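Asks: Just dropping this structure here.
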Amino acid sequence: MSRHPEVKWAQRVDKVFITVLLPDAKNAKVNLEPEGVFTFSASAGAENHVYELKLELFDKVNVEESKINIGVRSIFCIVEKAEKVWWKKLLRGDGKPPHYLKVDWDKWVDEDEDDGGLGGNLDLGGMDFSNFGNMGGMGGMGGMGLGDDGMGDFEDSDDEEQEVAKPDTAEGASKPDEHGTDNVEEKK
């Protein structure tokens with residue numbers, strides 16, 4: 001009986017990233033059909049368990065332009081969409097996605113932030129892309145707008161030391177003393 005490997009996915013308007021997480025996979029075979037059928041098989045582990053996967057993708061794909069990199073820890077696929085449209089989900093059908101399929105938040109970009117390509121927004125984990133051809137533009141998580149410490153505009157400010165001007169005090173109102181605390185005068 002075969003097992004299912006963990007699969008992560010993310011998309012852009014023109015492509016889908018599928019990562020099959022299976023360390024030390026042996027005899028890995030990936031097949032992609034123009035109708036959007038993605039199949040995978042390999043063996044892994046000390047007992048050489050067989051792992052198989054069949055995903056019916058949401059729409060048609062361009063097999064010739066799609067790329068695959070079989071690495072030591074994972075199998076990474078860039079699946080080119082036949083039409084440059086944002087998919088509502090990865091798989092066709094109305095059912096719930098399988099438990100082994102997860103969103104790859106490291107590669108995810110929202111539809112309104114998609115620039116239609118890899119740009120400098122995708123960190124692909126230092127994989128060897130020499131057999132992918134010249135893709136260019138690979139970089140870290142650019143465009144995040146965060147400082148070196150990752151805090152962005154949420155850092156503490158020195159505003160706490162600024163005094164706030166209070167309106168003129170009338171009889172019976174509170175008056176701050178030299179320590180900034182309110183002293184209330186009582187009317188008798």
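The values are calculated or read from the model by the stated rules, or taken from the named source; none is laboratory data. All values reported here derive from a predicted model rather than from experimental measurement. Calculation scope for accessible area: heavy atoms of the full protein, side chains included, ligands and nucleic acids excluded. Shrake-Rupley method; radii C 1.70, N 1.55, O 1.52, S 1.80 Å.
Asks: For Trp105 and Val50, compute 0.36 nm times the residue count separating them, minus their Cα-Cα distance, and round to one decimal in nm. Could the numbers behind the result be given before it?
Replies: On the way: separation 55, 0.36 × 55 = 19.80 nm, distance 2.74 nm.
Value of the extension gain: 17.1 nm.
Asks: Going down the list Lys29/Lys84; Lys54/Lys107; Lys26/Lys107; Lys8/Lys88; Lys29/Lys54, which pairs span over 18 Å between their C-alpha atoms? Don't jump to the answer; show the numbers that get you there.
Replies: Numbers: Lys29/Lys84 27 Å; Lys54/Lys107 22 Å; Lys26/Lys107 26 Å; Lys8/Lys88 16 Å; Lys29/Lys54 12 Å.
Beyond 18 Å: Lys29/Lys84; Lys54/Lys107; Lys26/Lys107.
Asks: Under a 1.4 angstrom probe, counting protein chains only, how are Ser2, Ser74 ranked by accessible area, largest first?
Replies: On the way: Ser2 40, Ser74 20 Å².
Per-residue accessible area, sorted high to low, gives Ser2, Ser74.
Asks: Quick one: how many Å² of Ile70 are accessible to a 1.4 Å probe, rounded to 10?
Replies: 90 Å²
Asks: Taking all protein chains in place and a 1.4 Å probe, what share, in percent, of the accessible surface of segment 6-91 do carbon and sulfur account for?
Replies: On the way: 1990 of 4170 Å².
Carbon and sulfur: 48 percent of the exposed surface of segment 6-91.
Asks: Also, quick follow-up: Multiply the residue separation of Asp94 and Ser2 by 0.36 nm, subtract the distance between their alpha-carbon atoms, and state the gained length in nm to one decimal.
Replies: On the way: separation 92, 0.36 × 92 = 33.12 nm, distance 2.47 nm.
This chain segment gains 30.6 nm when fully extended.
Asks: Write down the radius of gyration of segment 6-91 and its Dmax, each obtained from C-alpha positions, in Å.
Replies: Final numbers for Rg and Dmax: 12.9, 42 Å.
Asks: Whenever you get a sec, line up Arg92, Arg73, Arg12 from highest to lowest accessible area (probe 1.4 Å, protein heavy atoms).
Replies: Working: Arg92 100, Arg73 180, Arg12 5 Å².
My answer, sorted largest first, is Arg73, Arg92, Arg12.
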